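S.K.: Quick one: the structure is below, questions incoming.
The values are calculated or read from the model by the stated rules, or taken from the named source; none is laboratory data. Note that this is a predicted model, so its numbers are computed, not measured. Using ideal geometry, Cβ is built from the backbone for each residue, glycine included, and neighbour counts are taken over all protein chains shown.
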Amino acid sequence: MARARRLAAVTDNTQQSPASGPNSTPELPTQYAPAEVEGQLYESWVARGYFEADAKSPKDPFTVVIPPPNVTGSLHLGHAFEHTLIDAVTRRKRMQGFETLWQPGMDHAGIATQNVVERELAKEGKSRHDLGREAFVERVWQWKAESGGQISGQMRRLGDGVAWSRERFTMDEGLSQAVQTIFKRLYDDELIYRAERIINWCPRCLTAISDIEVEYQDDDGELVSIRYGEGDDSIVVATTRAETMLGDTAVAVHPEDERYRHLVGTEIELPLTGRRIPIVADEHVDPEFGTGAVKVTPAHDPNDFEIGQRHDLPSITVLDEHAVITAHGPFLGQDRLEARSAIVAALRAEGRIVAEKRPYTHSVGHCSRCKTTIEPRLSMQWWVKTGPLAKAAGDAVRDGQVKIHPEEMSKRYFDWVDNLHDWCISRQLWWGHRIPVWYGPDGEMVCVGPDEEPPSGEGWHQETDVLDTWFSSGLWPFSTLGWPERTESVERFYPNSILVTGYDILFFWVVRMMMFGIYAMDGTPPFHTVVLHGMVRDQFGKKMSKSFGNAVNPLDWMDAYGSDAVRFTLARGANPGVDVPIGEDWVQGSRNFANKIWNATRFALMNGATVEGELPPAERLSAADRWILSRLNSVVAEVDAYYEDYQFAKLSDALFHFAWDEVFDWYVELSKTTFAKGGAGAEASRRVLGEVLDTTLRLLHPVMPFVTEKLWTALTGRESVVIAEWPTDSGFRDQAAEQEIGTVQQLVTEVRRFRSDQGLQPGQKVPARLDLAGTALPPHEDAIRSLLRLQPAGDGFTATAALPVVGATVELDLSGAIDVAAERKRLTKDLTAAEKEVAQTSAKLTNEAFLAKAPDHVVEKIRTRKAAAESDIERISAQLAALPQG
RNA sequence: GGGCGCAUAGCUCAGCGGUAGAGCGCUGCUCUUACAAAGCAGAUGUCGGCGGUUCAAAUCCGUCUGUGCCCACCA
């Protein structure tokens, strides 16, 4: 209450010098309340169309697509992070006058979404088969409607400046056309084919998945050694997957292996089956491993499949799609794990287990969606022949058409594209783009383009498989613009300017976009620059996960501290390509920063800061004014350079320190004296303060859009900072002023230190005499006295302390005796440090080798250091001498 | 098995050849007319170990230890 009354009084005092413009009597509370500010602002930006992009605009385009979030749920902190970076970049570009398109949308996320909806159904005790394909897909669309709404609500909350009117979904009519078009084209170019191969099969999802959807983990298995054959002709194989032996069609040994050479070409009996299988020689076998003999199961192991191909072996499938044994006999109908122990038991009964099973840790593939152990399975699937596409995708980066930030990441990119296997694109799912191929009654196969009628008639039916979800997201940079139509948007906004995404989907997504973009768009890669960011982690650098309990819902933090605070924290942690730890304390810190900006702007408004009119010429400005303008322009240049290099942490930090340490802690404090004096000096400072805040708010806007909008419009009375011009460096620099203010800061800090050490309360007024002769400080005497709470030296003034500093002397009259011991201790410590510095620098400056080889500026620097240390010694000695005895 | 990276203040991280930095945390004093979500002052590091290059090394090279990630058809 008391504070509120005091504030009212202050506001009254400033009535005598009102600011011009519509905001001269601002109604800003003393604390920034994000919740009251953020909500309304976003919808007004949307309503005014700031985020929409016009393909007909004469401005240069700047395009970036959203990495489409899966419709499986809600956004997490990682999305908030990614969106903050993209939003910051696009907001700056918009302010710089580009026709800016941030393309929004979502991904249907085939297998992931199907799984989520199947789980929903399971709660009702149903499976998708109870509904049938059509009804199930309908059900997924319903889910999409709900989940998608939630996601767009979160994006609004974050402040994402996306072109909502252009929002797309990978299962849209238009995007589905794009999918069909590219499929048909690839098919006709023989870059898509159908073939029976060993694929990664998930026995729970009941679909094939691609190599990168398999996650390998070390699992504890058991290696058992089994004797095949009888007597001298027997051979012992080692395996972790005994159940697949029912499908063995050979035993392989290394061609050079002396132990088994005599057996190659012979046949032995496969236990439990009565079948006879050949022993073949194959380079793939490692004679050092196990017994040096491998059982070969072409239908259930990728390596064995290849051995089978080389030796023309049959493939016998013994596991069905659920990974249940199909081979007739005692094991029929058993699950793979059940069968494994049953078969080992049966073999033991026959005395064929020669070495007891031993623990063996090996890498086993799991479905990235449901964690079920992958079953390699021979099956008929659709493939993209990646060779030529991947070559082009690699070359585009190699020849510099596409740049990857940070550059070290391009190594990983090359490792990947240069070793790419063909891509299995068919999925045995219901949710997704159905493959546009029709089969005829006589085994015909017709690929149907988007403008063609599918064949009809007796016996024709469409392929039931759908496409891998990454097939459609690979088209995202141009399908969202209306391709395959040659729309104005395609012409204008392709290629995209940049892509911002996590390094974790470099292979999944970026490589696919590169391949498809170059292929579909006549050799033009989809973007010029790829900016890869890290993963959000908790405050200890641990991975965030629901099961570990350290996952954070970004909305909770946005509710508590505001979106700006969350965004600023994330941006401030965003060093290129590395993971970003974030903790609630840090978000609080950012909220404090927002509040600080809020209050500094309140101060400016209460004191009539203005942005109207030309900036006064340098001759009419005080040293403080020139200093802060000089610094401001340096910071503009610095922040701009950081933006061009996607150094979000650096630019945020630079702004944080400039605003808080320089503008708020010094310039604003100095200006209090100026404003109190009034006159032309105050008039000029009001304009300068307005300028500095105006520019600082613009610079901060891309990262902290809400609070800057509220304050900037209050300060300037203009429409919106969203469409304000991005600041440019005017080139104004004033070394002399920077130095002069630096001296003021040094003096003030030194005297404050003394006051603090002497146990003086911060507010306590102290009579003092200032001798500033011979320095540039006289114009700052009032400010110095005010900052240090120094009163004029009255009649009974007796100096009890004399502080020589920066060539000036400050004499203080402390009513009681000063703590001489404390001060002496302090000064002695400083003196020792200074003497050490002199010793070190002197040693360098007398070192012949150093003088001969070090560059001039380094030598000069050392000289300066030595001189500074020497003058410190002089100063401190004088202070020590001036201390009263006792 | 390959490849990449990291070890700097209590915590999380910048710096990457010329006096050790930031945020948070910590200590002390304060409601000093924008802000206690604040102000002022302060403490804190043989920059993982060992060698080497250099006038000069947290920074470059080698090596050891610890640690993280990615890739791989280890039966």
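S.K.: Return the total of residues in the range A:720-753 being more than 16 Å from RNA strand B (Cβ to nearest atom) and of a type outside the set (F, W, Y).
M.R.: 17
S.K.: I want to confirm something. Restricting to the range A:266-279 and keeping residues that are surrounded by fewer than 18 Cβ atoms within 10 Å (Cβ to Cβ) and either among the β-branched types (V, I, T) or modelled with pLDDT of 85 or more (or both), which single residue is farthest from A:T244 (Cα to Cα)?
M.R.: A:T266
S.K.: Here are some conditions: (1) at positive phi; (2) within 16 Å of RNA strand B (Cβ to nearest atom). A:G457 meets all but one. Which one does it not meet?
M.R.: Going through the list (1) at positive phi; (2) within 16 Å of RNA strand B (Cβ to nearest atom), A:G457 breaks only (2).
S.K.: Any residue that is surrounded by fewer than 20 Cβ atoms within 10 Å (Cβ to Cβ) and among the aromatic types (F, W, Y) - is there at least one of those in the range A:476-490?
M.R.: So far as the range A:476-490 goes, no, none of its residues is surrounded by fewer than 20 Cβ atoms within 10 Å (Cβ to Cβ) and among the aromatic types (F, W, Y).
S.K.: Which condition does A:R340 not pass, out of (1) farther than 17 Å from A:I199 by Cα; (2) out of contact with any strand residue (DSSP E or B) (no Cβ under 8 Å at 6 or more places or on another chain); (3) away from RNA strand B (no atom under 15 Å from the Cβ); (4) not hydroxyl-bearing (S, T, Y), if it passes all the others?
M.R.: (3)
S.K.: Going by what's in this entry, would A:D248 be described as under 49 Å from the mean Cα position of the chain (by Cα), within 16 Å of A:H366 (Cα to Cα) and either buried (at least 20 other Cβ atoms within 10 Å of the Cβ) or acidic (D, E) (or both)?
M.R.: no
S.K.: In addition: Limited to the range A:588-644, what total is found for residues that are more than 16 Å from A:D661 (Cα to Cα) and either of a type in the set (S, T, Y) or free of Cβ contacts under 8 Å to residues at least 40 places away in the same chain (or both)?
M.R.: 11
S.K.: Tell me which residues, restricted to the range A:758-773, are under 13 Å from A:L787 (Cα atoms) and not in a strand (DSSP E or B).
M.R.: Selection gives A:P762, A:G763, A:Q764, A:K765.
S.K.: Of the residues that make up the range A:697-717, is at least one touching a Ser or Thr at 6+ places or on another chain (Cβ under 7 Å) and in a loop (DSSP other than H, G, I, E, B)?
M.R.: yes
S.K.: Restricting to the range A:312-333, name every residue that is surrounded by fewer than 17 Cβ atoms within 10 Å (Cβ to Cβ), touching a residue at least 24 places away in the same chain (Cβ under 8 Å) and within 47 Å of the chain's Cα centre (by Cα).
M.R.: Scanning the range A:312-333 gives A:T317, A:E321, A:H322.
S.K.: Taking the conditions exactly as written (within 18 Å of A:R352 (Cβ to Cβ), without any contact (Cβ under 8 Å) to a residue 12 or more places away in the chain and more than 9 Å from RNA strand B (Cβ to nearest atom)), does A:D248 satisfy them or not?
M.R.: Judged against the criteria, A:D248 is not a match.
S.K.: Only one of (1) more than 23 Å from A:V89 (Cβ to Cβ); (2) touching a helix residue (DSSP H, G or I) at 6+ places or on another chain (Cβ under 6 Å); (3) not hydrophobic (A, V, I, L, M, F, W, C) fails for A:D522. Which number is that?
M.R.: Looking at each condition in turn, A:D522 falls short on (2).
S.K.: Quick one: which strands (runs of 3 or more DSSP E) sit completely within the range A:239-309 and have at least 1 residues that are closer than 22 Å to A:V324 by Cβ and in contact with a strand residue (DSSP E or B) (Cβ under 9 Å, 6 or more places away or on another chain)?
M.R.: By residue number, A:293-296.
S.K.: Considering only residues that are more than 20 Å from A:R261 (Cα to Cα) and surrounded by fewer than 18 Cβ atoms within 10 Å (Cβ to Cβ), which ones fall in the range A:280-311?
M.R.: A:P302, A:N303, A:E306, A:Q309
S.K.: Next question. Being surrounded by fewer than 16 Cβ atoms within 10 Å (Cβ to Cβ) and in a helix (DSSP H, G or I), is that true of even one residue in the range A:544-556?
M.R.: yes
S.K.: Moving on to the next point. Does A:S756 fit the bill of being polar (S, T, N, Q), touching a Pro at 6+ places or on another chain (Cβ under 9 Å), under 30 Å from A:G816 (Cβ atoms) and within 13 Å of RNA strand B (Cβ to nearest atom)?
M.R.: yes
S.K.: Give A:W483, A:W509, A:W470 a once-over and let me know the one that is of a type outside the set (S, T, Y), within 16 Å of RNA strand B (Cβ to nearest atom) and within 21 Å of A:R166 (Cβ to Cβ).
M.R.: Step by step, each of A:W483, A:W509, A:W470 is checked, and only A:W509 is of a type outside the set (S, T, Y), within 16 Å of RNA strand B (Cβ to nearest atom) and within 21 Å of A:R166 (Cβ to Cβ).
S.K.: Can you name every one of the strands (runs of 3 or more DSSP E) wholly within the range A:788-886 that holds 2 or more residues which are away from RNA strand B (no atom under 14 Å from the Cβ)?
M.R.: Passing ranges, in order: A:801-805, A:808-812.
S.K.: A further question follows. I'd like the full set of residues that are in contact with a Leu (Cβ under 8 Å, 6 or more places away or on another chain) and within 10 Å of RNA strand B (Cβ to nearest atom), limited to the range A:267-299.
M.R.: Result: A:G290, A:V296.
S.K.: Next question, about the same structure. Only one of A:I235, A:I192, A:I209 is more than 14 Å from RNA strand B (Cβ to nearest atom) and out of contact with any Pro (no Cβ under 9 Å at 6 or more places or on another chain); which?
M.R.: A:I192
S.K.: Hey, another quick one. Please enumerate the residues belonging to the range A:488-506 that are within 16 Å of the chain's Cα centre (by Cα) and either within 16 Å of RNA strand B (Cβ to nearest atom) or free of Cβ contacts under 8 Å to residues at least 24 places away in the same chain (or both).
M.R.: A:T501, A:G502, A:Y503, A:D504, A:I505, A:L506, listed by residue number.
S.K.: Being under 30 Å from A:M521 (Cα atoms), part of a helix (DSSP H, G or I) and not basic (K, R), is that true of even one residue in the range A:215-238?
M.R.: Within the range A:215-238 (the criterion being under 30 Å from A:M521 (Cα atoms), part of a helix (DSSP H, G or I) and not basic (K, R)), the answer is no, since none of the residues qualifies.
S.K.: Please find, among A:T846, A:T841, A:T828, the residue that is under 24 Å from A:A868 (Cα atoms), touching a Lys or Arg at 6+ places or on another chain (Cβ under 6 Å) and either β-branched (V, I, T) or loosely packed, with under 14 Cβ neighbours inside 10 Å (or both).
M.R.: A:T841
S.K.: Another question about this same structure. Condition first: in a loop (DSSP other than H, G, I, E, B) and under 30 Å from A:W102 (Cα atoms). Now tell me which residues in the range A:452-479 satisfy that.
M.R.: Once the filter is applied, which keeps residues that are in a loop (DSSP other than H, G, I, E, B) and under 30 Å from A:W102 (Cα atoms), the range A:452-479 yields A:D468, A:G474, A:L475.
S.K.: To continue, here is another question. Would you confirm whether any residue within the range A:363-381 is of a type in the set (S, T, Y), surrounded by fewer than 15 Cβ atoms within 10 Å (Cβ to Cβ) and either under 15 Å from A:A242 (Cβ atoms) or free of Cβ contacts under 8 Å to residues at least 24 places away in the same chain (or both)?
M.R.: No, there is no match, as no residue in the range A:363-381 is of a type in the set (S, T, Y), surrounded by fewer than 15 Cβ atoms within 10 Å (Cβ to Cβ) and either under 15 Å from A:A242 (Cβ atoms) or free of Cβ contacts under 8 Å to residues at least 24 places away in the same chain (or both).
S.K.: While we're looking at this one, here's another question. When you look at A:R789, is it at pLDDT 90 or above and either crowded, with 17+ Cβ neighbours inside 10 Å or of a type outside the set (A, V, I, L, M) (or both), yes or no?
M.R.: yes
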